[in-house]
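The values are calculated or read from the model by the stated rules, or taken from the named source; none is laboratory data. Because the structure is a prediction, the values reported are computed rather than measured. Cβ atoms come from the backbone with ideal geometry, glycine included; neighbour counts cover every protein chain shown. With ligands, DNA and RNA removed, areas are computed over all heavy atoms of the protein, side chains included. Shrake-Rupley method; radii C 1.70, N 1.55, O 1.52, S 1.80 Å.
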Amino acid sequence: MSKTFWAAIAAIIVIFGGIVALSNRHSNTATNSNAKPTNHLFGEGTTGVKLVEYGDYQCPFCGQYYPIVEQVKEKYKTQVTFQFRNLPLLQVHQNAFAAARAAEAASLQGKFWEMYSLLYQNQQSWSSTTAATSIFEQYASQLKLNLDQYKKDFASSQVNDTINADIAEFNKTKETMSTPTFFLDGKKVQPTSVDEFSKLIDAEIALKQKAS
């Protein structure tokens, strides 16, 4: 993809971030302030380097990044820990919170990454629908989850609070609320290709090795 294309995406992300910054400080339901944020981790992390993504399953830019992130995860699966956290942009993405609920409900049955992949791979199939919940239940069945338990977890305050805890963690960074947002060892980065991710990650690994 051209640099012009990615520059346009970056500009739109910033605009959307400004629109939703205030609305996303609170969820659509009450939040338990004692809830813990998610801890969805992938990779062995032998170098101690961590790449964190705050994402929105309905965000088209997150959808564009998904295959790039998957390649990065595979390339560095022994060296780096990859973490995903929820940042649904409620004002502009009507199904984003429900999608996050689906992923967190699947997580309670040990299938977070599988649901994460289904949501991104099929993003265009459910993004504009008014029947997203039913589609997510089909994904749950596809993953062979206990469907009754999935439905209970999907609607639970536990899942709601967990997602809001992720949002609260993002707010602590003081960054503009936009997706996807990446942090490499706590520093915000916004690479746009596997090569750009690789350069940043390699430099961070080298820095860690030098310091050790």
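Worth a mention:
- Filter result for residue 129 (in a loop (DSSP other than H, G, I, E, B) and touching a Gly at 6+ places or on another chain (Cβ under 8 Å)): no
- In the range 78-96, the residues that are more than 17 Å from residue 164 (Cα to Cα), open to solvent by less than 30 Å² (accessible area, probe 1.4 Å) and in contact (Cβ under 8 Å) with a residue 60 or more places away in the chain: 80
- In this entry, residue 178 is excluded by the filter for residues that are open to solvent by 20 Å² or more (accessible area, probe 1.4 Å), touching a residue at least 60 places away in the same chain (Cβ under 8 Å), polar (S, T, N, Q) and out of contact with any Ser or Thr (no Cβ under 9 Å at 6 or more places or on another chain).
- Looking at 154, 136, 197, just one residue is more than 25 Å from residue 70 (Cα to Cα), in contact with a helix residue (DSSP H, G or I) (Cβ under 6 Å, 6 or more places away or on another chain), crowded, with 17+ Cβ neighbours inside 10 Å and not basic (Lys, Arg), and that residue is 154.
- Any hit, the range 157-170, residues being in a helix (DSSP H, G or I) and open to solvent by 60 Å² or more (accessible area, probe 1.4 Å): yes
- Sole residue being farther than 22 Å from residue 54 by Cα, in contact (Cβ under 8 Å) with a residue 24 or more places away in the chain and part of a helix (DSSP H, G or I), chosen from 138, 209: 209
- Here the range 37-77 is the region considered, the condition is being touching a Lys or Arg at 6+ places or on another chain (Cβ under 8 Å) and not in a loop (DSSP other than H, G, I, E, B), and the residue that is most open to solvent (accessible area, probe 1.4 Å) is 42.
- Qualifying residue in the range 99-113 (condition: under 19 Å from residue 184 (Cβ atoms), open to solvent by less than 20 Å² (accessible area, probe 1.4 Å) and of a type outside the set (Val, Ile, Thr)): no
- Residue in the range 143-150 that is open to solvent by 20 Å² or more (accessible area, probe 1.4 Å), closer than 15 Å to residue 97 by Cα and modelled with pLDDT of 95 or more present: no
- Within the range 185-199, not a single residue is among the hydrophobic types (A, V, I, L, M, F, W, C) and in a loop (DSSP other than H, G, I, E, B).
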